[in-house]
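Each reported figure results from applying straightforward, stated rules to the coordinates on display, with no laboratory input. Treat the numbers as computed from the prediction; the structure is a model and nothing was measured. Glycine also receives a Cβ, built like all others from the backbone with ideal geometry; neighbour counts cover every protein chain displayed.
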Amino acid sequence: MSATQEQEFPKIPLFRLLLDDVLLLLFLGVAIYAVSYLLWGVMEIASVAPFPEELKAQIVQQAGGGQ
Amino acid sequence: MSLQPPAEGWYETPVARDERSWVAVATVVCLCLYVWMIGWHIYGRQNPSSISYRIEPAEYMQLHTAWVPRYQIGEENGVPVVAPPPGSDVFLLGQMWRWAPVLVLQKGQEYTFHLASVDLLHGFSLQPVNMNFMVYPGYDYVLRFRPTETGEFTVMCNEFCGIGHHMMTGKIYVVENAAELEQLRQRFQAPQQ
């Protein structure tokens, strides 16, 4: 970019572009949390372990009169 | 007007000293709360165990039904009264519209509570100590539970679960020692009026 071009179209920092756009800020403020909380929830649900078979067997066995 | 971009040149304007101070104060408060949260998680006395298991409602019902008669000491208003031995597992069931069974626990002893629903979402609310946990069908929520005071405690449902929601109450008795447990056993074994 030549000096003349830079004078005509000054390079605007990315962060300033973001802060200048209120609707983009609004969108990101909702979207970032919505997506991350959804992902967190899905990860939590996917990581729940099945009920331990040993405990299940133990409870049923005790009910049957065994120890 | 807040929906308009700020005045030209705002990005290069230095931030005022009082605004910097407020940002610094807010950051320090946030960090303190963050440290407090971690500390409370480690040293707090009412933290849930964060253990949960997947289990089909029918399977949980089967476990509950198998476990209740083993330690049952009587009945109260048609609901079985169970006195599980200290250190054992307790299978509490939430179902439209009852909590079962009624529990008799000993003060200072630890129990492993399993909480699950067999139909829809219920809320386990222990009163008057005000401990609240959501109870989902398909999931077993495990709580390590050590009663610290004796008395009669009520379990209520605090998630609306239909027309009988307000009647969905349960009970937990906490006794001091084996002698008090025996008194309760005799009371529940006697025919109720």
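Numbers for the structure displayed
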{"item": "10 Å Cβ neighbours from other chains, averaged over peptide B:133-143", "result": "1"}
{"item": "Inter-chain Cβ neighbour average for residues A:45-54, partner chain, 10 Å", "result": "4"}
{"item": "Value of relative contact order over chain B, rounded to a whole percent, pairs C-alpha under 8 Å and six or more apart", "result": "20"}
{"item": "Simple Cβ-charge dipole of the protein assembly as shown, Lys/Arg +1 and Asp/Glu -1, about Cα centre, in debye nearest 20", "result": "640"}
{"item": "Qualifying chymotrypsin sites (Phe, Trp or Tyr not before Pro) in region B:102-193, DSSP loop, other Cβ atoms within 10 Å at most 13", "result": "B:160"}
{"item": "Rounded, prolate or oblate (a/c below 1.5 giving rounded, otherwise prolate when a/b exceeds b/c) for the protein assembly as shown by Cα gyration tensor", "result": "prolate"}
{"item": "Cβ-based exposure ranking for B:30, B:161, in which fewest neighbours within 10 Å come first", "result": "B:30, B:161"}
{"item": "Mean ellipticity per residue at 222 nm, deg cm²/dmol - from DSSP H runs of n ≥ 4 across chain A, formula -39500 (n - 2.57)", "result": "-23000 deg cm²/dmol"}
{"item": "Net charge, residue B:135 excluded, C-beta distance under 11 Å - Lys, Arg +1, Asp, Glu -1", "result": "-3"}
{"item": "Ranked list, fewest to most other Cβ atoms within 10 Å of each Cβ, for B:12, B:56", "result": "B:12, B:56"}
{"item": "Once exposed loop trypsin sites (Lys or Arg not before Pro) are cut out (DSSP; at most 16 other Cβ, 10 Å), longest piece of chain B", "result": "B:108-193"}
{"item": "Region B:1-63 - charge dipole about Cα centre, Lys and Arg +1 at Cβ, Asp and Glu -1, debye rounded to 20", "result": "320"}
{"item": "Mean separation of Cα contacts under 8 Å, 6 or more apart, over the residue count of region B:53-166: relative contact order %", "result": "26"}
{"item": "C-alpha center-to-center spacing [region B:146-189, region B:1-51] in angstrom", "result": "43"}
{"item": "Helical mean residue ellipticity (222 nm; -39500 (n - 2.57) per DSSP H run of 4+; nearest 500) of chain B", "result": "-9500 deg cm²/dmol"}
{"item": "Simple Cβ-charge dipole of chain B, Lys/Arg +1 and Asp/Glu -1, about Cα centre, in debye nearest 20", "result": "360"}
{"item": "Qualifying GluC sites (Glu not before Pro) for region B:158-190 [loop in DSSP, other Cβ within 10 Å: at most 14]", "result": "B:176"}
